[in-house]
Amino acid sequence: MILLHHIPFSRSFRVLWLLEEMGLRAELKHYSITDGSLRAAEFKAISPVGRVPALEIDGITIFESPAIIEYLAETRPEHGLGRMPGDPERVAYLEWLGFGETQASILGSLNMQHLFMGDPTPASPVMMKLEAARLGATLKAMDRVLADREWLLPSGFSAADTMMGFNLFSAPYYVRLDRFPNVQAYIAQIEARPAYQKARELDGQQEFYKQDFYDVPEA
Ligand SMILES: N[C@@H](CCC(=O)N[C@@H](CS)C(=O)NCC(=O)O)C(=O)O
């Protein structure tokens, strides 16, 4: 049995998507970011600061999405989705796994300030503007790389691409993507993948974003 601790439209989508790419189906245990369920002692025993995803598989429990993604790629090499030590793309692959979290941490900060602080007055428009610009810089870096290839690695789709699950749903709420045509083409390619489409069906309804775009409020 595979059990994924999950919130729709969050980093746990990365794992849901990679499992589908591998033809594996997890049972989902749902949480909400706002109802306190992530802070329950039972969940913190699995994920020490109460974050999703966590994955129960092969008799172990793993938290941190890059660790889960890498574990799945290494233990299921027949799918060819990892780049193992010795592979010429190994370093680039590891860089993209880390890059996924660099970008996601900016999104986490923007989500916190725009969506989760309750009373928005303590949020800082200066920080919101800065974080939106930093997010734009990560998209610009991707856009440059994607100018001459379809996927993050030259040899083709890999588990590193699944790290962009969550990031690429969330980014358009804060940065207009028309500045990044290669990222837009990349998203279209991702959306055409049957495993991605199935994972989106299984993901569930997001409950965070209430409008199409979040501008920086006037200071
Ligand atoms: N680096 C961790 C970050 C996990 C994380 O922050 N997940 C978010 C959802 S996208 C979460 O659980 N947030 C709950 C909270 O911050 O309380 C990973 O990649 O798994």
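Brief remarks follow.
- Segments 208-214, 70-76, 141-147 sorted - mean Cβ within 10 Å per residue, highest first: 70-76, 141-147, 208-214
- Neighbour-count order for Thr138, Thr102, fewest beta carbons within 10 angstrom listed first: Thr102, Thr138
- Helices meeting the span-like rule in the chain (full DSSP H runs, Cα extent of at least 27 Å along the helix axis, mean Kyte-Doolittle score of -1.0 or higher): 90-111, 125-145.
- More than 25 Å apart - percent of Cα-Cα pairs taken over the chain: 40
- Counting every other Cβ atom within 10 Å of each residue's Cβ, Ile57, Ile106 order from fewest to most as Ile57, Ile106.
We did not get these values from a lab; they are worked out from the coordinates using the rules stated. Computed from a predicted model, the values in this text were never measured in an experiment. Note that each Cβ is placed from the backbone with ideal geometry, even for glycine, and that neighbours are counted across all protein chains shown.
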